Amino acid sequence: MPRYDVILAGGGSAGLNLAHALLDSSLRDRSILIVDRDAKVTNDRTWCSWLSGPHPFEPLLHRSWDRVRFTGGGADTVLPLAPYRYAMLRGLDLYEHSRERFAALPHVTWLQGEIEHVGDGGAGAEVVVDGTTFTADWAFDSRWVGRDYTPRTAAAAAGLPTLAPDRHHYLQQHFVGWEIETDAPAFDPLVATLFDFRTPQRGPDGWDGMRFLYVLPFTERTALVEYTLFSAHLLPPAAYEEALREYLHGVLGVTDYRITATERGVIPMTDQPFPRRAGRSVMRTGTRGGRVKASSGFAFLRTAQDAQAIVRSLVARGHPFDVPEPPRRYRLFDSILLQVLYRRGDLAERVFADLFTRNPVDRLLRFLDEEGPLTENLQLMATVPRGAFTAAWARVALLRRI
Ligand SMILES: Cc1cc2nc3c(=O)[nH]c(=O)nc-3n(C[C@H](O)[C@H](O)[C@H](O)COP(=O)(O)OP(=O)(O)OC[C@H]3O[C@@H](n4cnc5c(N)ncnc54)[C@H](O)[C@@H]3O)c2cc1C
């Protein structure tokens with residue numbers, strides 16, 4: 001059985017972040033096998049993050065913005081982000097950079113294949129790929145497939161044997177984005193629009209989460225424009241494109257444009273806990289390891305930070321499992337916000353308007369990064385509709401039977 005020090009089952013964001021973190025550490029000589037079913041030769045996604053320090057892949061960044069726009073709930077405001085910025089990394093740029101770096105290292109192997117099993121074996125971890133068993137001291141499992149996450153499929157994708165759909169929230173962040181090129185100047189390339197609520201909020205069956213547009217301009221004539229929902233159910237494919245067309249035509253007044261690329265995705269927004277340890281020698285990482293922030297869907301930077309923490313644990317303790325978790329209260333905040341989005345779709349626009357216009361932007365970003373002190377968290381919670389959030393808190397307490 002071919003043996004490695006480390007096997008990375010899944011070569012997306014989590015697998016690649018961990019491979020680079022290992023290669024940048026004192027463990028750089030350990031043999032690594034990365035396995036993914038996909039060749040990773042297309043730009044299947046872009047990863048954006050706000051950050052105040054250097055990005056883990058700073059030289060690869062495609063764009064960054066110092067100001068963001070929020071439009072909704074009666075507000076239309078441009079917010080300077082300093083000391084933060086909003087940065088975009090294209091998936092393909094990370095895939096190509098990784099391929100180039102790994103190709104020069106004989107102890108790193110990138111294998112394309114279908115992973116059939118990841119688990120403990122007699123001597124460490126065992127990973128079965130297209131019928132061949134590979135063994136390692138440690139395996140990190142980040143297999144994930146973007147699709148409609150009902151409670152059952154979300155738990156199955158995370159490799160969880162049991163679930164409690166009545167106790168947790170299962171929303172999804174789902175979107176279709178077009179990279180477009182316009183004939184006339186249409187965008188301010190210095191300002192990224194994070195939320196524009198000028199799109200109908202109700203579906204045919206009534207309120208269901210929230211809907212907004214997200215615009216990342218590259219030049220005056222090119223931008224990624226994305227129609228995004230935080231809701232329980234996906235839409236029929238044509239509905240996303242219809243909403244994009246209506247926004248471009250009716251709101252931005254852009255009628256002459258070409259679509260140069262399309263991005264679609266589904267990100268689980270759930271407070272279902274995803275245990276990290278999947279065996280004596282197997283750890284879950286990335287989305288499968290619960291790295292997606294339940295109430296925002298952001299995961300890239302959290303996954304990069306997690307990769308650093310895993311490597312620190314391996315170096316200091318000889319195992320990967322000693323990784324820090326944020327204070328427990330952030331899980332409660334996530335659940336409350338999911339509960340509000342789940343039951344009070346009519347309030348979603350107002351809640352986000354309050355968060356963006358009644359708080360300094362650094363307070364909001366520290367909250368979303370799970371870094372602010374409790375006093376600051378409470379200041380922020382005091383800016384959202386009190387009755388709805390108190391009712392949501394009571395409901396969450398009931399669901400969890402606490
Ligand atoms: C389109 C899109 C855009 C996103 N944009 C952002 C963003 O801007 N900012 C942000 O913070 N987060 C974003 N996210 C969320 C999150 O950061 C990404 O999904 C991120 O790629 C998750 O990393 P991961 O390693 O868990 O999963 P992935 O990157 O999806 O990697 C999982 C890998 O497992 C492989 N795999 C699955 N099953 C098997 C199998 N059986 N055998 C072999 N290989 C297998 C897949 O091919 C895949 O490459 C986005 C997600 C999507 C889908």
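The values are calculated or read from the model by the stated rules, or taken from the named source; none is laboratory data. Quick caveat: nothing in here was measured; it's all calculated off a predicted structure. Reconstructed Cβ throughout: ideal geometry from the backbone, glycine too, with neighbour counts over all protein chains shown. The accessibility values were calculated without ligands, DNA or RNA, using every heavy atom of the protein model including side chains. Shrake-Rupley method; radii C 1.70, N 1.55, O 1.52, S 1.80 Å.
Quick rundown of the values:
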{"item": "Residues located in segment 60-72, provided they are β-branched (Val, Ile, Thr) and either away from the ligand (no atom under 14 Å from the Cβ) or assigned to a loop (DSSP other than H, G, I, E, B) (or both)", "result": "THR71"}
{"item": "Selection from segment 28-41 of residues that are open to solvent by 30 Å² or more (accessible area, probe 1.4 Å) and within 11 Å of the ligand (Cβ to nearest atom)", "result": "ARG37, ASP38, ALA39"}
{"item": "Set ASP256, ASP354: member being open to solvent by 60 Å² or more (accessible area, probe 1.4 Å), at pLDDT 95 or above and more than 16 Å from the ligand (Cβ to nearest atom)", "result": "ASP256"}
{"item": "Scope segment 124-163; condition within 16 Å of the ligand (Cβ to nearest atom) and acidic (Asp, Glu); matching residues", "result": "GLU126, ASP130, ASP141, ASP148"}
{"item": "Pair list, Cβ < 6 Å and 6+ apart or interchain, from segment 167-184 residues that are within 10 Å of the ligand (Cβ to nearest atom) to residues that are outside any loop (DSSP other than H, G, I, E, B) and of a type in the set (Ser, Thr, Tyr)", "result": "PHE175/THR228; VAL176/TYR227; VAL176/TYR240"}
{"item": "Residue in segment 355-363 that is charged (D, E, K, R), touching a residue at least 12 places away in the same chain (Cβ under 8 Å), on the phi > 0 side of the Ramachandran plot and in a loop (DSSP other than H, G, I, E, B) present", "result": "no"}
{"item": "Given (1) under 30 Å from PHE367 (Cα atoms); (2) more than 13 Å from the ligand (Cβ to nearest atom); (3) surrounded by fewer than 18 Cβ atoms within 10 Å (Cβ to Cβ), number of the condition GLY119 does not satisfy", "result": "(1)"}
{"item": "LEU248 being more than 30 Å from TRP138 (Cα to Cα), in contact (Cβ under 8 Å) with a residue 40 or more places away in the chain and open to solvent by less than 30 Å² (accessible area, probe 1.4 Å)", "result": "yes"}
{"item": "Qualifying residue in segment 329-337 (condition: assigned to a strand (DSSP E or B) and touching an Asp or Glu at 6+ places or on another chain (Cβ under 7 Å))", "result": "no"}
{"item": "Residues within segment 301-328 that are part of a helix (DSSP H, G or I), open to solvent by less than 50 Å² (accessible area, probe 1.4 Å) and more than 25 Å from ALA87 (Cα to Cα), tallied", "result": "2"}
{"item": "Residues satisfying the stated conditions in segment 372-399, i.e. free of Cβ contacts under 8 Å to residues at least 24 places away in the same chain, open to solvent by 60 Å² or more (accessible area, probe 1.4 Å) and not aliphatic (A, V, I, L, M)", "result": "PRO373, THR375, GLN379, ARG386, THR390"}
{"item": "Segment 94-110, subset open to solvent by less than 50 Å² (accessible area, probe 1.4 Å) and in a helix (DSSP H, G or I), residue farthest from GLY53 (Cα to Cα)", "result": "PHE102"}
{"item": "Neighbours by Cβ (under 8 Å, 6+ apart or cross-chain): first from segment 81-109, farther than 14 Å from GLU58 by Cα; second of a type in the set (Phe, Trp, Tyr) and surrounded by fewer than 16 Cβ atoms within 10 Å (Cβ to Cβ)", "result": "none"}
{"item": "Sole exception among (1) open to solvent by less than 10 Å² (accessible area, probe 1.4 Å); (2) not in a loop (DSSP other than H, G, I, E, B) for LYS293, by number", "result": "(2)"}
{"item": "Residue under evaluation ARG147, criteria (1) closer than 14 Å to GLY10 by Cβ; (2) open to solvent by 70 Å² or more (accessible area, probe 1.4 Å), criterion not met", "result": "(1)"}
{"item": "Answer from GLN272, GLN308 - the residue that is modelled with pLDDT under 95 and polar (S, T, N, Q)", "result": "GLN272"}
{"item": "Index of the failed condition, GLY91 passing every other in (1) small (Gly, Ala, Ser); (2) buried (at least 21 other Cβ atoms within 10 Å of the Cβ); (3) closer than 22 Å to GLN172 by Cα; (4) within 14 Å of the ligand (Cβ to nearest atom)", "result": "(2)"}
